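Undergrad: Before anything else, here's the structure in question.
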Amino acid sequence: MKLLKWIVAIIILIVMIFSFYLSGINKFQRDGEIKLSCLSAPVKVIRDKKGMPYIYAENFADAVKAQGFITAQDRLFQMELTKLFSQGRLSELAGYKTFNLDKKMRTLGFHRMAKKHAKILNASARKFYQNYADGINEYIKTRRESHHFEFKLAGIKPGLWAVEDILSILYYMGWGSAANLKSEIVALMLIEKLGFKKAKEIFPININPDDPSDNLTIRSNRGMPDSLSLLKISNDKKLMTMLRQNDAYGIGSNNWVVSSKLSQNNKPILANDPHLDPRMLPGPWYPSAIIIPGHRAVGVTIPGIPGMIIGRNNNIAFGVTNSYSDAQDLYIETIDPDNSNNYLEGNKSIPFETVIERIKIKDKEERSGFAFKNITVKLTKRGPVISGIIPGLNTKKVITVRWSPYETMSGSTGIEDAIKSNSIKELKNALSRLTVVMLNFVFADKKGNIGWHTTGKIPIRTQRDSIVPFEVKNSKDNWIGWIPFDKMPGSYNPAKGWVGTCNHKTVSGEYPYYISSFFSPPYRYSRLKELLSSKQKFSLNDHWKFQRDTKNLLAEKIAPIMAKALLSFKDTEKLGEMLSKWNYMDNKENPEPLIFQSVYIKFAFNTFKDEMGDGLAKSMLNVWYFWQSRLEQMILQGNSAWFDDTTTREKETIAYIFHRSASEALREFGSNPEKWEWGQKHQLEFVNPIMRKGFLKSLLGGGSHPMSGSGETLYRGIYNFKNPFYAEITASLRMVADMADDDKVLAVLPGGVCGRLFDAHNTDQIEPFMKGDKLYWWFSDRMINQNKEYLLKLVPQ
């Protein structure tokens, strides 16, 4: 025992020495003066006590150049990883283990399309992105001595940036917001296993809590082709790669804004907490302020993308959630049996377009240190082939994917103008050109106006819905137009005095277009409605508390049914008693959330695994939005045939499955549930990108923290169904902007500003983030100077 203690002490000492050494060599210049050849006039950069930069420039172009330079100071290694990821180049860093991921990204073609898009940008948009790239490149070329030490540890060097590198990250960000590709794959797997009629019984249902007439149905103009059930896709490795890998920028969020009449300060208050995976330090968002004569803005963007996606300026504030508007479709295409290089549209044989992608792979066995492999990407008119060859009834098939941003490129992306908008009208005009990302923007202005609007180009489909892939039978296009921007979901100055979106279904049954079949269940939005009807006026503090609200409305509906079932059996009676007395708050110190969550996910698995098999059941259940509302309705109705275990002669009931699931939970977590704690299992762990595993993970990262909330609460904490209960998706930012307060914006990140190992601002916001403490972005000159920690002058060379 003494020897073990000595070993641990020595390891800690070595790490401390290493930390001290690394903190010295991983520094960069925050004070003094730096000469930059790309500037036309001097720029002043003030950093506050969090390390957050406030950029003062004489013109917008220099401000964006400085933003690129300063972001590179803090986040260049993170930016390089994101660039490599979006372009399918991670194998240059990680070798063969990321080769399949690179194949996926090359197949989807974000960088190919970014290069195409860069060529058609108008002068203003191109200048905007080029200015940012110039700032990044200035840092890379002139400050080699202060590049992140992580580059040496990873064995790579940063590459120079071009406009298409920025756009490829923008496309990657947009891909995850475009809805239901995984849902379509799951639906096809269910049809393969169960047949269409049985599979349809558990297809997604979506509920709009603001539409009492919502009958949960999706209008469709097509029958279901019998050939779908004949496709054998479950063993297709390429297609399963699409299903298994997560999209970092496509998960969820909460946003809302209240009007002056609901605000104690008589001006709108806007709240936003985008839900992404924040575990990789220092987090996905980079905060900054841009201040030029007559205009100032403070907010966040993705490192590698200029401007601001969330924040406020002199006149307006804006925040985002994922709208899950369906801009993706899968297609079943037939290979010409007489010529495998062609595909068929009816009797018409058309050659596949082919693109050769050369992937560079880190390989110590090669003299140069790298190997090279070519892959061939095949494309039809609709998009790239993302499957292998799938046997059908009489012909061989492939599956292609189509995505609307590839077909709606224009000279502007809208981002370059959003940050400079002086009114809601100007902001909406900018958003009308943001076709790459499918987002719900909420906004407010100083005059008291509020609203929200959905971005992106959504196709009008002949078959209307897009729950399952579309079978190509002829040359007729099933996309016949685009939903006009002014007809996209949204609201402006509603009578109730507030608007909000929580990734839920926002359109009514009277909405004339199909927008999506893939939404979050309405639990968070319904809870938001309860909170915003709880009193007449709300303070800034109220909204800050709402973002960490832990009431679970799914549990409020299901837990009484669960408790009644468990009370019927002696061995689960205690669990039933505890659930009966629960207030449905998912607080980390309490046992009831763990009882509910553990029994519920086991209940879901036990309901479906007999018909589907373990693997398919887990694949479906890991796509939460596919099944949550459906299973809830099945439980509330109580008589679904799915509750019967088809592997036994007896006819099982809901009570039987709840008891079976609770018994499994007791065996897993112990027979004394009063000692269970949600926070013991539901934790958020922050890790460093260069050390994600092993004993150094916790020493180099930000630690593991017990966490309240769940996937169903406003205080979001989604876990992977296949690996419960560690939180993977939660707030990646919390921001509340009071338009009556021109001094500051309430905001905290789940990491820090700086992406450098052992930098003081790499993890310094974790503690206030987890505790709910308040931090601020400063807005007025007075508060910026009052909180000044560093002053850096950037001057033209």
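The values are calculated or read from the model by the stated rules, or taken from the named source; none is laboratory data. Bear in mind that the values here come from a model prediction, so they are computed numbers and not experimental data. Backbone-built Cβ (ideal geometry, glycine too); neighbour counts: all protein chains shown. Areas reflect the complete protein model, heavy atoms only, side chains present, ligands, DNA and RNA absent. Shrake-Rupley method; radii C 1.70, N 1.55, O 1.52, S 1.80 Å.
Undergrad: Between the range 277-306 and the range 700-716, how far is it from one alpha carbon centroid to the other, in angstrom?
TA: Measuring centre to centre over Cα atoms gives 23 Å.
Undergrad: For the range 613-675, what is the Kirkwood hydrodynamic radius in Å, using each pair of distinct C-alpha atoms?
TA: Kirkwood radius, the range 613-675: 13.7 Å.
Undergrad: Treating the beta-carbon of each Lys and Arg as +1 and of each Asp and Glu as -1, no other charges, what is the dipole magnitude of the range 633-723 about its Cα centre, to the nearest 20 debye?
TA: Roughly 440 debye for the range 633-723.
Undergrad: Now for a different question. Any chance you could tell me what percent of the C-alpha pair distances in the range 546-686 go past 24 Å?
TA: Of all Cα-Cα pairs in the range 546-686, 30 percent lie more than 24 Å apart.
Undergrad: Find which of LEU170, PHE538, ILE185 sits farthest along the positive direction of the dipole of the chain, computed with +1 on the beta-carbon of Lys and Arg, -1 on that of Asp and Glu, about the Cα centre.
TA: Positive-most Cα among the choices belongs to LEU170.
Undergrad: Give the residue from THR435, ILE361, ILE450 lying farthest towards the positive end of the charge dipole for the range 339-453; charges sit on Cβ (+1 for Lys and Arg, -1 for Asp and Glu) and the dipole is referred to the Cα centre.
TA: The Cα lying farthest towards the positive end belongs to ILE361.
Undergrad: Distances longer than 21 Å among the Cα atoms of the range 444-519: what percent of all pairs is that?
TA: 39 percent
Undergrad: Counting only Cα, what are the radius of gyration and maximum Cα-Cα distance Dmax of the range 368-477, in Å?
TA: Gyration radius and largest Cα-Cα distance of the range 368-477: 20.6, 65 Å.
Undergrad: If you don't mind, another one. Please report Rg over Rh for the range 545-608, where both radii come from the alpha carbon positions and Rh follows the Kirkwood definition.
TA: Across the range 545-608, the Cα-based Rg/Rh ratio is 0.99.
Undergrad: Quick one: dipole size for the range 363-516, taken about the Cα centre, charges +1 on Lys/Arg Cβ and -1 on Asp/Glu Cβ, in debye to the nearest 20.
TA: My answer is approximately 300 debye.
Undergrad: Quick one: Cα convex hull volume of the range 633-785, Å³ per residue?
TA: In the range 633-785, the Cα convex hull volume per residue is 184 Å³.
Undergrad: Rg and Dmax of the range 723-774, using alpha carbons, in Å: what are they?
TA: Radius of gyration, then largest Cα-Cα span, for the range 723-774: 13.5, 45 Å.
Undergrad: Once you have a ≥ b ≥ c as the square roots of the Cα gyration tensor eigenvalues for the range 414-550, tell me rounded if a/c is under 1.5, and otherwise prolate or oblate according to whether a/b is larger than b/c.
TA: oblate
Undergrad: Taking the chain as the region of interest, what is the percent of Cα-Cα pairs per 20 angstrom bin, listed from the shortest bin to the one with the maximum distance?
TA: P(r) over the chain, rounded to whole percents: 15, 49, 32, 4, 0.
Undergrad: With each label point set 7 Å from Cα along the Cα-Cβ vector, what nm distance links THR646 and LEU160?
TA: 6.1 nm
Undergrad: Percent of accessible area on the chain owned by carbon and sulfur, 1.4 Å probe?
TA: The nonpolar share, carbon plus sulfur, comes to 51 percent.
Undergrad: Quick one: Debye curve from the alpha-carbon atoms of the range 481-615 only, equal weights, vacuum; give me log10 I(q)/I(0) at q = 0.20, 0.21 Å⁻¹ to two decimals.
TA: -1.20, -1.25
Undergrad: Can you compute the charge dipole magnitude of the chain about its Cα centre, using +1 on each Lys and Arg Cβ and -1 on each Asp and Glu Cβ, nothing else charged? Give it in debye, rounded to the nearest 20.
TA: Roughly 1220 debye, rounded to the nearest 20.
Undergrad: A follow-up question, please. What does the convex hull of the Cα atoms of the range 307-394 come to per residue, in Å³, rounded to a whole number?
TA: Convex hull volume per residue, Cα atoms: 241 Å³.
Undergrad: Also: With every protein chain kept in place and ligands, DNA and RNA left out, what is the accessible area per residue of the chain? Probe 1.4 Å, answer in Å².
TA: About 39 Å² of surface per residue is accessible.
Undergrad: While we're on this one: P(r) for the range 32-136, please, calculated from all Cα pair distances in 10 Å bins and given in %.
TA: Spelled out per bin, shortest first, that is 14, 33, 30, 19, 4.
Undergrad: Under 22 Å between alpha carbons, and skipping anything fewer than 8 positions from LYS457 in its own chain: which lysines qualify?
TA: LYS115, LYS116, LYS119, LYS182, LYS381, LYS425, LYS428, LYS476, LYS487, LYS505
Undergrad: OK, next. For LYS152 and THR376, FRET efficiency with R0 = 30 Å and r from the beta-carbon atoms, rounded to 0.05?
TA: Result of the calculation: an efficiency of 0.25.
Undergrad: Tabulate in residue order the Karplus-calculated ³J(HN,Hα) for the range 130-141, using 6.51 cos²θ - 1.76 cosθ + 1.60 with θ = phi - 60°, rounded to whole Hz; enter x for Gly and Pro.
TA: So the J values, rounded to whole Hz, are 5, 4, 5, 4, 4, x, 4, 5, 4, 5, 4, 7.
Undergrad: Still on this structure, I have one more. Below 15 Å, Cα to Cα, which aspartates and glutamates can LYS446 reach? Residues fewer than 8 away in the same chain don't count.
TA: Filter leaves GLU426, ASP738, ASP741, ASP742, ASP743.
Undergrad: With a 1.4 Å probe and all protein chains kept in place, how much accessible area does GLU138 have, in Å² rounded to the nearest 10?
TA: 10 Å²
Undergrad: Toward the positive end of the charge dipole of the chain, about the Cα centre and with charges on Cβ (Lys, Arg +1; Asp, Glu -1), which of LEU160, MET488, PRO306 goes farthest?
TA: Going by the charge dipole, the pick is LEU160.
Undergrad: At 1.4 Å probe size, with no ligands or nucleic acids counted, give the accessible surface of HIS761 in Å², nearest ten.
TA: 20 Å²
Undergrad: Which values of log₁₀ I(q)/I(0), to two decimal places, follow from the Debye formula for the range 246-394 at q = 0.17, 0.20 Å⁻¹ with a uniform point scatterer at every Cα?
TA: After summing over all Cα pairs, the log10 values are -1.07, -1.22.
Undergrad: By how many nm would the segment from GLU674 to ASP338 grow when fully extended, if each residue of separation counts as 0.36 nm and the alpha-carbon distance is taken off?
TA: Working it through step by step, the gained length comes to 114.2 nm.
Undergrad: Go ahead and run the numbers for FRET between LYS425 and LYS793, Cβ-Cβ distance against an R0 of 30 Å, rounding to 0.05.
TA: Working from the Cβ atoms, E equals 0.20.
Undergrad: If the cut-off is 29 Å between C-alpha atoms, which lysines fall inside it for LYS651, apart from same-chain ones fewer than 8 positions away?
TA: Candidates past the 8-residue exclusion: LYS193, LYS197, LYS198, LYS200, LYS557, LYS564, LYS570, LYS574, LYS602, LYS609, LYS618, LYS722.
Undergrad: Could I ask something else about it? Using the alpha carbons of the range 268-338, what is the convex hull volume per residue in cubic angstrom, as a whole number?
TA: Per residue, the Cα convex hull of the range 268-338 comes to 196 Å³.
Undergrad: Per Stokes-Einstein, at 4 °C and 1.567 mPa s, what whole-number D in µm² s⁻¹ belongs to the range 619-718, with the Kirkwood radius over Cα pairs as the hydrodynamic radius?
TA: Here the translational diffusion coefficient equals 75 µm²/s.
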